[in-house]
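Input: a single structure, listed below in structure tokens.
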There are 2 protein chains.
Amino acid sequence: MAETKHSFAVGIDIGGTTTKFGIVDSNGVILEQSRIPTNQHENASDFIEELYRILKPMIDRQGGEKNFVGVGVGAPNGNYYSGTIEYAPNLKWKGIIPMASLMQEKFGLPTKLTNDANAAAVGEMMYGCAKGMKHFITITLGTGVGSGIVIDGKILLGHDGFAGELGHTIIRHGGRIHKGTGVKGTLEAYASATGVRETAIEFLTQEPNADSLLRNYSIDELTSQTVYECAIQGDRIANKIFEFTGTILGEALANFIMFSSPEAIVLFGGLTNAGDLILNPTIQSMEANLIQVFKNKVKVMFSNLKEADAAILGASALVWDNK
Amino acid sequence: MAETKHSFAVGIDIGGTTTKFGIVDSNGVILEQSRIPTNQHENASDFIEELYRILKPMIDRQGGEKNFVGVGVGAPNGNYYSGTIEYAPNLKWKGIIPMASLMQEKFGLPTKLTNDANAAAVGEMMYGCAKGMKHFITITLGTGVGSGIVIDGKILLGHDGFAGELGHTIIRHGGRIHKGTGVKGTLEAYASATGVRETAIEFLTQEPNADSLLRNYSIDELTSQTVYECAIQGDRIANKIFEFTGTILGEALANFIMFSSPEAIVLFGGLTNAGDLILNPTIQSMEANLIQVFKNKVKVMFSNLKEADAAILGASALVWDNK
């Protein structure tokens, strides 16, 4: 690909909070990158205007549009087939947004869009620890829980382009309600940063008389990071929070394995900063819930890409075929 | 295919209780079929001897081996890649059985093997109500719960050939223990004939003073069939059993949809004899647990193939490529 005259791609990762973007060359090197908040614009066109304002000079520094193969976009509820974002619970723009055509019009470049978690999975497959794997699943443990499923070396899109919404699968019947969807007991309500915070509040309330370093923080300060800091100091309740979270995540991973029999599951996102505190109970619970044929076979690993990089690289990879 | 000199295939479906088999022509017509009990032989070679004894005359009636493209086999825990049956909880033969090579040796014909539920899904795709579909899931609601997942027109095998064990996914954390696997709360423990029977016993025990037609049957006579017969006579507890079963099955289907986004889910097996009594609560619960993008999109249908036919046809379809 390095020999073609289109040597660069734009990669854009639209997240619930932040949109990260950059210029990627055909070797998967991010030459420049930046970010803007996602939800500050009332409508998608204004958001694209601001993106363009920052990206246009970056494009020009690489010789202008003629050197670009296109724009690849990862977005929550992004649909590869239609190029639209549909009913994304975490975004301000409601209904169906024709994001790819709006961008294509503004940038004057071919634009492809997919689910943000799918883009990250492509990034892992091309540049990360899933390089060379044909069957794997990536799970993003961030503010929410995203997923990208790779089968036979291709992102699983499904009949209508929306496959891979594993954060919304039910793992605790009748459990916590998800504020965005109204569904009870979904993985995202537990194994996300938001979920860990909620677990912390629950556990502290359940044991009002138990000492815990977590009580030194206000409710607003309780995050997966502060829980981690208390846990490594040996705090019992903080450790129990990660065990609980890992137990639920492990059960969900067992379910996913019995669906698609992957070689590996790649975890990334903020919660993975907790390292073994989250990984050990996850693997233990996963193995305990697998049937014989799957036991001790499936690798569970942390991504070795920086989160923003995986998403930008994966998004840009969507358009390399256009060269 | 009708023009080739190999005009016939043997299709064999090894089930937990019964093995069904037949001679299939290249148009998907089953010319002859028969069945034997699966678990009456101490070892797999004796089982194959008996199969051969019945099949050999059938093969000869179509002009002998030279007219046959091969033998296709569906079996519980069957692995397409290796041709082995591995640790099947419902079979007498333990460990890893090299079924495809044993059959190939005995029959002198190329033999391919896959999971029995996968074979049934191939049957649905080629000859049943999933004809022309690229993305669908079949769920067998029989003694156990089997599944075959089709993605982009191909059976999902996964990294090691064991994908699609949806009956073993967990849907009720801490629920009923599965006697074969030791895992708690799996779909098979509820949405199978065995599960319905267990639910019946549970409900009758929970309400010892409630009248029910089900009390006219001994515990041994309580089957999904007798529960159905009581339900259509308006028995409250019998109806509650199907509602409970459908609610759990519907939640599980929602999870599967959020994984692979299929066009349809095809149900077959004994439980589907209950018709709307099982279908209505299943669809209602499924829709209630889907996120917006999947709602009112995915068809849930009963197979229009006879169960034995789907499995034999699907198994035979494995070897048509060999022509």
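Only a single criterion out of (1) more than 30 Å from A:V150 (Cβ to Cβ); (2) assigned to a helix (DSSP H, G or I); (3) modelled with pLDDT of 95 or more is not satisfied by B:D220, namely (3). The set of residues in region B:89-129 that are over 14 Å from B:P76 (Cβ atoms) and within 15 Å of the chain's Cα centre (by Cα) comprises B:A121, B:V122, B:G123, B:E124, B:M125, B:G128.
Can you spot a residue in region B:250-261 that is buried (at least 19 other Cβ atoms within 10 Å of the Cβ), closer than 15 Å to B:L166 by Cα, at pLDDT 95 or above and of a type in the set (F, W, Y)? Among the residues of region B:250-261, at least one is buried (at least 19 other Cβ atoms within 10 Å of the Cβ), closer than 15 Å to B:L166 by Cα, at pLDDT 95 or above and of a type in the set (F, W, Y), which makes the answer yes. In region B:68-79, which residue that is under 22 Å from the mean Cα position of the chain (by Cα) and part of a strand (DSSP E or B) is farthest from the other protein chains (Cβ to nearest Cβ)? The selected residue is B:V71.
The rows are residues; the columns are (1) in a helix (DSSP H, G or I); (2) in contact with a strand residue (DSSP E or B) (Cβ under 7 Å, 6 or more places away or on another chain); (3) buried (at least 19 other Cβ atoms within 10 Å of the Cβ).
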position: B:V266; (1), (2), (3): no, yes, yes
position: B:N273; (1), (2), (3): yes, no, no
position: B:T282; (1), (2), (3): yes, yes, yes
position: B:K297; (1), (2), (3): no, no, no
position: B:L305; (1), (2), (3): no, no, yes
position: B:D309; (1), (2), (3): yes, yes, yes
position: B:L313; (1), (2), (3): yes, yes, yes
position: B:S316; (1), (2), (3): yes, yes, yes
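Counting only residues that are within 23 Å of B:G132 (Cα to Cα) and in a helix (DSSP H, G or I), region B:255-264 holds 5 of them. Is one or more of the residues making up region A:153-165 in contact (Cβ under 8 Å) with a residue 40 or more places away in the chain, closer than 21 Å to A:L279 by Cβ and touching a strand residue (DSSP E or B) at 6+ places or on another chain (Cβ under 6 Å)? No - not one qualifying residue is present in region A:153-165. Could you tell me whether any residue of region A:221-243 is in contact with a Lys or Arg (Cβ under 6 Å, 6 or more places away or on another chain) and either of a type in the set (A, V, I, L, M) or outside the structural domain of A:I139 (by TED's automatic domain parsing) (or both)? Yes, there is a match, as at least one residue in region A:221-243 is in contact with a Lys or Arg (Cβ under 6 Å, 6 or more places away or on another chain) and either of a type in the set (A, V, I, L, M) or outside the structural domain of A:I139 (by TED's automatic domain parsing) (or both). Could you list all residues from region A:268-298 that are within 14 Å of another protein chain (Cβ to nearest Cβ) and of a type in the set (D, E)? Answer for region A:268-298, where residues must be within 14 Å of another protein chain (Cβ to nearest Cβ) and of a type in the set (D, E): just A:E287.
The rows are residues; the columns are (1) modelled with pLDDT of 90 or more; (2) out of contact with any helix residue (DSSP H, G or I) (no Cβ under 7 Å at 6 or more places or on another chain); (3) aromatic (F, W, Y).
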| site | (1), (2), (3) |
| --- | --- |
| B:N77 | no, no, no |
| B:A88 | no, yes, no |
| B:A100 | yes, yes, no |
| B:E105 | yes, yes, no |
| B:A120 | no, no, no |
| B:G132 | yes, yes, no |
| B:S147 | yes, no, no |
| B:I151 | yes, no, no |
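Taking region A:158-181 as the range and being over 13 Å from A:F256 (Cα atoms), over 15 Å from the mean Cα position of the chain (by Cα) and within 7 Å of chain B (Cβ to nearest Cβ) as the test, the residues that pass are A:G158, A:H159, A:D160, A:R172, A:H173, A:T181. For region B:210-229, which residues satisfy the criterion of being buried (at least 17 other Cβ atoms within 10 Å of the Cβ) and not hydroxyl-bearing (S, T, Y)? Within region B:210-229, B:L213, B:L214, B:L222, B:V227 qualify.
Among the residues of region A:284-301, those that are more than 24 Å from B:G78 (Cβ to Cβ) and polar (S, T, N, Q) comprise A:Q284, A:S285.
Note on region B:123-156: among residues that are more than 7 Å from chain A (Cβ to nearest Cβ), in a loop (DSSP other than H, G, I, E, B) and among the hydrophobic types (A, V, I, L, M, F, W, C), the one that is surrounded by the most Cβ atoms within 10 Å (Cβ to Cβ) is B:A130.
One line per residue, one yes/no per condition, for (1) within 14 Å of chain B (Cβ to nearest Cβ); (2) buried (at least 19 other Cβ atoms within 10 Å of the Cβ):
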{"site": "A:G22", "(1), (2)": "no, yes"}
{"site": "A:S26", "(1), (2)": "no, no"}
{"site": "A:V29", "(1), (2)": "no, no"}
{"site": "A:R35", "(1), (2)": "no, no"}
{"site": "A:P57", "(1), (2)": "no, no"}
{"site": "A:Y81", "(1), (2)": "yes, no"}
{"site": "A:I85", "(1), (2)": "yes, yes"}
{"site": "A:S101", "(1), (2)": "no, no"}
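Total residues in region B:86-114 satisfying the condition of being closer than 21 Å to B:H159 by Cα and in contact with a Pro (Cβ under 7 Å, 6 or more places away or on another chain): the figure is 1.
When the criteria are applied in full, B:G108 meets the requirement of being away from chain A (no Cβ under 14 Å) and either of a type outside the set (A, V, I, L, M) or out of contact with any strand residue (DSSP E or B) (no Cβ under 9 Å at 6 or more places or on another chain) (or both). Just so you know, in region B:182-209 the residues that are buried (at least 18 other Cβ atoms within 10 Å of the Cβ) and under 16 Å from A:M286 (Cα atoms) include one that is nearest to the other protein chains (Cβ to nearest Cβ), and it is B:V183. Here region B:234-244 is the region considered, the condition is being more than 14 Å from chain A (Cβ to nearest Cβ) and part of a helix (DSSP H, G or I), and the residue that is farthest from A:A254 (Cα to Cα) is B:R236. Scanning region B:104-122 for residues being in a helix (DSSP H, G or I), of a type in the set (A, V, I, L, M, F, W, C) and surrounded by 24 or more Cβ atoms within 10 Å (Cβ to Cβ) gives a total of 5.
Does region A:53-75 contain any residue that is touching a residue at least 60 places away in the same chain (Cβ under 8 Å), aromatic (F, W, Y), in contact with a Ser or Thr (Cβ under 6 Å, 6 or more places away or on another chain) and not assigned by TED's automatic domain parsing to the domain that holds A:G164? Within region A:53-75, none of the residues are touching a residue at least 60 places away in the same chain (Cβ under 8 Å), aromatic (F, W, Y), in contact with a Ser or Thr (Cβ under 6 Å, 6 or more places away or on another chain) and not assigned by TED's automatic domain parsing to the domain that holds A:G164.
The set of residues from region B:89-114 being without any contact (Cβ under 8 Å) to a residue 40 or more places away in the chain and not hydroxyl-bearing (S, T, Y) comprises B:K94, B:G95, B:I96, B:P98, B:A100, B:Q104, B:E105. Residue count for region B:173-217 satisfying the condition of being closer than 28 Å to B:G234 by Cβ and either in the same structural domain as B:L91 (by TED's automatic domain parsing) or not in a helix (DSSP H, G or I) (or both): 11.
The values are calculated or read from the model by the stated rules, or taken from the named source; none is laboratory data. Computed from a predicted model, the values in this text were never measured in an experiment. No Cβ is skipped: glycine too gets one built from the backbone with ideal geometry, and neighbour counts run over all protein chains shown.
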